[in-house]
1. Against the conditions (1) over 12 Å from the mean Cα position of the chain (by Cα); (2) open to solvent by 90 Å² or more (accessible area, probe 1.4 Å), where does Asn64 fall short? Just the number, please.
2. Which residue, of Lys33, Lys8, Lys39, Lys15, is open to solvent by 70 Å² or more (accessible area, probe 1.4 Å), of a type outside the set (Asp, Glu), modelled with pLDDT of 95 or more and not in a helix (DSSP H, G or I)?
3. Please identify the pairs in which a residue from segment 32-56 that is at positive phi has its Cβ atom under 9 Å from the Cβ atom of a residue that is open to solvent by 50 Å² or more (accessible area, probe 1.4 Å) and not β-branched (Val, Ile, Thr), counting only partners at least 6 apart or on another chain.
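The values are calculated or read from the model by the stated rules, or taken from the named source; none is laboratory data. As the structure is a prediction and not an experimental result, all values here were calculated from the model. Reconstructed Cβ throughout: ideal geometry from the backbone, glycine too, with neighbour counts over all protein chains shown. These accessible areas exclude ligands, DNA and RNA; they are computed on the full protein's heavy atoms, side chains included. Shrake-Rupley method; radii C 1.70, N 1.55, O 1.52, S 1.80 Å.
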Amino acid sequence: MDKDNKNKLEYLIDKLAEEFELKVCSLNILTNKNPAILKITLKRIDEKDITIEECALFNGPVENLIESSNLINYRYVLEIS
């Protein structure tokens, strides 16, 4: 993935995270794996620990966002923590 597309994807995911009162700490795309791994690390805006349930609630919407953006055109595994 080129840097421009990664920046676009980060921006979209940041905006979505705000709706969940979360912020993206890091977004890493490991393209040397097959399939690639898209790792998103989140924090709560209020700085409290994020729960597994919050990660699970974010999973579906972010997956839909990534797919509809057409910024990733290869197989990947989504990891949210």
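1. Asn64 satisfies every listed condition except (1).
2. Lys39
3. none
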